[in-house]
């Protein structure tokens, strides 16, 4: 819990303690005596007592040092009584001509009477500690969950990079082996894609960046095929401000090339990206290859599903459908405006 929040909590407690009864008696009460000397002294010793109590619990409670805690609370109680007596019964009479208690009050009565005041502010200090301790515990749990989420995302990226790089290098190697004139261009595009895969560490990236690298990937894949690739890329961006997980579009395209039919001119594969003011919709559709070494939708798609669950909990949809001939994916994401 940050200091500003602790001070605000102290302020609320002390205000209600000093003026709560007057406010309950009359909602239109005007605190004409708000700045009386005894209200000010009450504010001083109450705040000090509560803070000393909070610090005592903060120091000894987590380590279960009960004796030290009890001893420190007794010391706080004694400090409260002595400090109030010194302030209101020794210093104030010298300055203002009178103290808070009537003349002739015995020390025994003063101690017994202030014992109750001390216990009240010690209790309030303990409540502040409980509230702050609960707040900090929840904050630590949130931070641990965030660290876990970041670790999972890093692991998923580490899984994806070798898989992608192996396939890309294999494609370029094929072009070099065949002494294709397209090999130099393929090498440059592969270099740019590799740089993107290795050095893009953000959880979310601008969609225009991802589309740029997607086009490089599609160009690289097109160099492998003797006939033109039959994959229709349909992009409709309203503002181009959407943020998406890196490699999302590339993985979807890779799944089409791996499992889909991209040489059929009658029914070309498609990858559609449509951005509105609130939602980004991504969909793919392709014929299934007749000869399948792997099941449709492998590790790459599982990776996407897990990343979306981590980055867009309850703020996305992912559906896939397939039959003997066709495989389709539909993703909807609520737009996020800030880069993570």
Kindly put 181, 203, 266 in sequence by how many other C-beta atoms sit within 10 Å of each C-beta, fewest to most. 266, 181, 203
Fewest to most Cβ atoms within 10 Å: 98, 316, 213 sort as 98, 316, 213
Take the alpha carbon gyration tensor of the range 182-286, find the square roots of its eigenvalues, order them as a ≥ b ≥ c, and report rounded if a/c is under 1.5; if not, report prolate when a/b exceeds b/c, else oblate. oblate
Given a Förster radius of 45 Å and the C-beta distance between residue 274 and residue 185 as r, what FRET efficiency does 1/(1 + (r/R0)^6) yield to the nearest 0.05? 0.90
Determine, for 280, 69, the number of other Cβ atoms within 10 Å of each Cβ, and report the residues in order from fewest to most. 69, 280
How would you classify the range 75-142 from its alpha-carbon gyration tensor, with a ≥ b ≥ c the square roots of the eigenvalues: rounded for a/c under 1.5, else prolate if a/b is greater than b/c, otherwise oblate? prolate
Give me the number: length gained by fully extending residue 281 to residue 264, i.e. 0.36 nm times residue separation minus the C-alpha to C-alpha distance, one decimal in nm. 3.6 nm
Förster-model FRET efficiency, 22 Å R0, residue 43 and residue 89, C-beta, rounded to 0.05: 0.80
Between residue 328 and residue 200, what is the label-point separation in nm under the 7 Å Cα-to-beta-carbon projection? 2.7
At 7 Å along the Cα-to-beta-carbon direction for both residue 123 and residue 61, put a label point, then send me their distance in nm to one decimal. 1.6
Distance between Cα centroids, the range 79-123 to the range 211-289: provide it in whole Å. 80
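Since every read-out is calculated from the coordinates, none of them should be taken as a lab result. The model shown is predicted, which means the values in this text are computed figures rather than measured ones. For neighbour counting, all protein chains shown are included, and Cβ atoms are generated from backbone atoms with ideal geometry for every residue, glycine included.
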